[in-house]
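The values are calculated or read from the model by the stated rules, or taken from the named source; none is laboratory data. The shown structure was predicted, so the numbers you read here are calculated from the model rather than taken from an experiment. Here the Cβ positions follow ideal geometry from the backbone for every residue, glycine too, while neighbour counts run over all protein chains shown. For the accessible areas, the whole protein counts, side chains as well, though only heavy atoms, and no ligand, DNA or RNA atoms are used. Shrake-Rupley method; radii C 1.70, N 1.55, O 1.52, S 1.80 Å.
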Amino acid sequence: MKVLFKLLWILLIAGILEACNASGRLEYALECAATNKGELEKVLEHYKDEPEKYKAACFLIENMPYHYALEGEELDSLKTVLASADAYGVMLKDTAVPDWDYYTPSGLQRKPDVLNIRAEFLINNIDLAFDGWKKRPWNASLSFADFCEWLLPYRIGNETPDNWRQIYHDRYSFLLDEVYTGIDVVEAISVVWEYLQKEDPYRFTWVFNYPHLGGEYLLHNRIGKCQDACDFMIYVMRAIGVPVAYDFYTFNAETRKGHVWNVVRDVTGVCLPFTFPSRKPERGSFYIDSRRPSVVFRRCFGRQWDMDGDFMRNRSVPAAFKDVFARKVSDNYFDSNLELPVEGMDGNYVYVGLFSAYGWRGIDFTKVESGKALFRNLASRQVYILLAFANGQYRPIGNPFYFDGKDIHPYVADTSKCYSAELYRKYPLSERIRNYMGGIKDGHFEAACDKDFKNAELLCTVKDTPGINYNHVILEKPVRGRYARFCSSAEGYAEVAEMHFYKGEEEIVPIDSWGDDPATANTFAYQVYDNEPLSYFISSKPGASVTVDFGKVVTIDNFMYMPRNDDNFVRIGDYYELFYWGEGCWNSLGKKMAEKPFLPYDGIPSGALLYLHDSTRGEEELIFHMEDGKQVFVSDCKD
């Protein structure tokens with residue numbers, strides 16, 4: 001029996017070696033290691049009698065040639081500046097450092113892992129990762145392959161590897177050893193999540209461009225972008241045995257940008273999204289954010305070897321789809337499949353695309369088979385278009401269409417039937433912005449000759465959430481006063497973007513201003529008359545006010561106020577151009593300057609898909625169609 005057991009053990013070891021060496025990946029990695037080869041061989045030797053850990057070591061080493069850190073003195077200085085931010089993410093910049101707003105990490109030095117990772121570091125990471133895998137009850141259903149991606153990796157992106165796993169384990173393991181000792185991984189995350197919220201508030205800032213910051217830095221400096229918040233949660237959770245990764249999308253039609261969030265692998269294999277510090281995981285909920293991605297990927301440590309060489313060399317596939325460390329996981333979020341007829345392209349790749357003012361952009365691809373293109377697990381309630389790709393350019397195939405999850409509804413412009421319309425926005429009004437605009441509701445404007453407003457005269461009360469940005473009020477009779485102010489309701493905050501006072505057409509310009517209890521470091525009272533709709537004053541307490549001083553008693557017979565908004569309403573003085581889609585391209589319906597808070601347009605083709613471009617400023621623009629005389633943006637479409 002002992003001989004048989006020994007033989008089986010030898011065969012098992014041989015099988016592991018064969019699995020590691022079959023493709024030559026391990027040998028390739030060791031050859032790439034050059035003078036560091038001995039360090040990696042020490043790891044393999046260390047685990048020669050522990051098959052699972054040996055296999056885990058193989059996984060990490062095989063993938064090392066494709067991972068690296070970005071380092072440099074400039075990055076160290078940038079981290080110092082970043083750490084100086086206040087509670088609102090505002091940098092306390094030193095004049096002695098460069099202007100980091102224009103910093104790019106392209107000049108940093110690459111330090112390949114395969115040349116620099118030492119045996120002791122790797123062994124410590126593997127041992128601690130295995131301890132967490134075996135110790136926590138929810139990992140009983142976590143396969144070895146999933147363990148390698150969800151718990152084992154010693155790095156997240158291009159940060160400098162540090163001793164994060166040990167440090168985070170020592171600091172936070174008590175939360176699952178003493179505070180919560182149950183078996184529910186979702187509850188475990190909630191307990192840790194709530195503790196982290198109280199321990200040190202996270203400071204969001206998006207002002208710099210930099211690589212991943214690293215575990216030790218984020219432990220002591222809770223600051224950065226959404227990616228940094230995700231990294232921090234991965235460091236915490238993986239260090240204490242909770243399988244957490246991050247999902248992302250690279251582009252959506254509303255922002256033309258990407259987004260990233262965390263996911264936890266539940267015991268059922270379902271991955272639940274969450275974000276720190278705003279949203280805990282919840283079973284049955286796959287809410288990401290209001291920006292509605294169409295295709296979702298998961299960042300992996302291991303190279304996705306199913307991307308074969310022919311695919312990678314195929315010039316009809318854009319480089320954006322050749323990320324070998326991104327795994328498509330849309331099936332975790334969407335269950336709608338889109339099938340389209342495609343003539344004369346069997347065997348070729350085609351793409352489904354989203355709107356961009358710079359041209360349609362592909363977000364998913366498939367190969368045409370039997371005259372059909374099938375896109376699996378694609379988000380519904382979105383406007384798409386079918387695309388081909390050649391010579392570095394996308395080419396539209398047919399008309400754009402709305403996909404409701406089952407059927408497609410093409411937009412076909414009929415130039416024989418045209419209509420007129422008034423356009424108020426170039427971008428959908430989100431619930432978040434609508435709530436901001438509602439901050440002015442139930443407040444009132446008043447004027448007075450005395451600074452304490454003892455004998456104030458009411459100018460108007462804001463009875464409802466404004467529907468536009470420019471709100472012009474003509475007074476029934478002129479009012480005299482040196483001071484004017486906006487006062488919020490007893491429950492609301494003083495929140496206003498602009499307020500301008502006039503006698504006839506002449507503006508009365510203030511000489512001074514002040515506000516009660518400004519809420520953030522970026523809030524100043526003068527911003528209510530700086531002619532910048534994106535700046536605003538907001539108080540930190542309800543029942544507050546913001547006041548302007550004209551320097552002398554004046555007569556006011558009309559005024560304009562603007563609630564906090566996103567500056568995507570039609571802006572008086574800006575130049576705009578309206579386009580409709582027809583005959584395979586965007587066609588102009590003319591340029592004009594906005595003289596009012598809306599743009600009148602004639603000759604709009606029936607059934608057309610439209611978009612309004614602001615030639616003067618801004619980036620946020622989204623396609624829409626007209627329905628009952630109103631703009632209906634993609635995000636407002638109903639099934």
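Return the calculated 222 nm mean residue ellipticity for the chain, to the nearest 500 deg cm²/dmol, obtained by summing -39500 (n - 2.57) across DSSP H runs with n ≥ 4 and dividing by the residue count.
It comes out at -7000 deg cm²/dmol, rounded to the nearest 500.
Just need the relative contact order of the chain here, percent rounded to a whole number, with Cα pairs under 8 Å and 6+ apart.
9 percent
From the list (1) 29.2; (2) 33.9; (3) 36.0, can you say which value of mean projected area of the Cα convex hull in nm² was derived from the structure given?
Read-out from the structure maps to (3).
Dipole size in debye (nearest 20) for the chain around its Cα centre, Lys and Arg Cβ +1, Asp and Glu Cβ -1?
In debye, rounded to 20, the chain gives about 900.
Which is farthest toward the positive dipole end of the chain among Val632, Leu175, Gly132, measuring Cα position about the Cα centre, with Cβ charges +1 (Lys, Arg) and -1 (Asp, Glu)?
Looking along the dipole axis, the top candidate is Gly132.
How tilted is helix 37-46 with respect to the longest principal axis of the chain? Cα atoms for both, answer in degrees (0 to 90, nearest 10).
Relative to the chain, helix 37-46 is tipped by roughly 70 degrees.
Under the rule of at least 5 residues apart or a separate chain, name every residue whose amide H is placed under 5 Å from the amide H of Ile397.
The list, which skips near neighbours in sequence, is Leu386, Leu387, Ala388.
Can you give the FRET efficiency for Thr268 and Glu50, using 1/(1 + (r/R0)^6), R0 = 22 Å, r = Cβ-Cβ distance, to the nearest 0.05?
The formula returns an efficiency of 0.15 here.
Kindly sort Asp231, Asp200 by accessible area of their heavy atoms, largest first, with the probe set to 1.4 Å.
Values: Asp231 0, Asp200 55 Å².
These residues rank, largest area first, as Asp200, Asp231.
Which ³J(HN,Hα) values in Hz, rounded to whole numbers, follow from the phi angles of the range 395-401 under the Karplus curve 6.51 cos²θ - 1.76 cosθ + 1.60, where θ = phi - 60° and Gly and Pro get x?
Per residue, the Karplus-derived 3J(HN,Hα) values read 10, x, 10, x, 9, x, 8 Hz.
About the Cα centre, and with charges only on the beta carbon of Lys, Arg (+1) and Asp, Glu (-1), how big is the dipole of the range 507-558? Nearest 20 debye, please.
For the range 507-558, the charge dipole is close to 120 debye.
Test of understanding: what is the full-extension gain from Asp331 to Ser77, defined as 0.36 nm times their sequence separation minus their Cα-Cα distance? Don't skip to the answer; put the middle values down first.
Numbers: separation 254, 0.36 × 254 = 91.44 nm, distance 4.18 nm.
Roughly 87.3 nm would be gained on extension.
Please find the FRET efficiency linking Asp517 to Val179, where r is the Cβ-Cβ separation and R0 is fixed at 41 Å, and quote it to the nearest 0.05.
0.65
Rounded to whole Å, give me the distance from the Cα center of the range 431-509 to that of the range 218-278.
Computed from Cα coordinates, the inter-centre distance equals 42 Å.
Place a +1 charge on the Cβ of each Lys and Arg in the range 363-430 and a -1 charge on the Cβ of each Asp and Glu, then give the dipole magnitude about the Cα centre in debye, rounded to the nearest 20.
Roughly 120 debye for the range 363-430.
What figure in square angstrom, to the nearest 10, would you give for the accessible area of His409 with a 1.4 Å probe?
80 Å²
Run the 1.4 Å probe and let me know the accessible area of Arg118, rounded to the nearest 10 Å².
110 Å²
Can you grab the distance from the C-alpha centre of the range 387-426 to the C-alpha centre of the range 577-639, Å, no decimals?
Between the Cα centre of the range 387-426 and that of the range 577-639, the gap is 12 Å.
So, with a 1.4 angstrom probe, what is the percent of accessible area on the chain that is carbon and sulfur?
Using a 1.4 Å probe with all protein chains present, the chain comes out at 50 percent carbon and sulfur.
Taking the full set of protein chains and a 1.4 angstrom probe, give the accessible area of Lys42 in square angstrom, rounded to the nearest 10.
110 Å²
Spelling out what I want: for every residue of the range 610-627, take phi, set θ = phi - 60°, compute 6.51 cos²θ - 1.76 cosθ + 1.60 (Karplus), and round to whole Hz; glycine and proline get x.
Result, rounded to whole Hz: 10, 8, 10, 9, 8, 6, 8, 7, x, 10, 6, 9, 9, 5, 7, 10, 9, 9.
Given 0.36 nm per residue, what is the gain on full extension from Lys134 to Glu532 after removing their alpha carbon distance, in nm?
Separation in residues times 0.36 nm, less the Cα-Cα distance, equals 137.6 nm.
Quote the FRET efficiency, to the nearest 0.05, computed for Glu343 versus Asn587 with a Förster distance R0 of 35 Å and r equal to the Cβ-Cβ distance.
After rounding, the FRET efficiency stands at 0.90.
Quick one: which residues, 5 or more positions from Leu589 or on another chain, have an amide H under 5 Å from its amide H? H modelled 1.01 Å from N in the peptide plane, none for Pro or chain starts.
HN-HN under 5 Å from Leu589: Leu578, Phe579, Tyr580.
In square angstrom, what is the accessible area per residue of the range 402-446 with a 1.4 angstrom probe?
On the way: 2420 Å² over 45 residues.
Accessible surface, normalised per residue, equals 54 Å².
Could you state, as a whole-number percent, how many of the C-alpha pairs of the range 291-418 are farther apart than 18 Å?
For the range 291-418, the fraction of Cα-Cα distances above 18 Å is 57 percent.
Residues of the range 460-544: accessible area per residue at 1.4 Å, in Å²?
53 Å²
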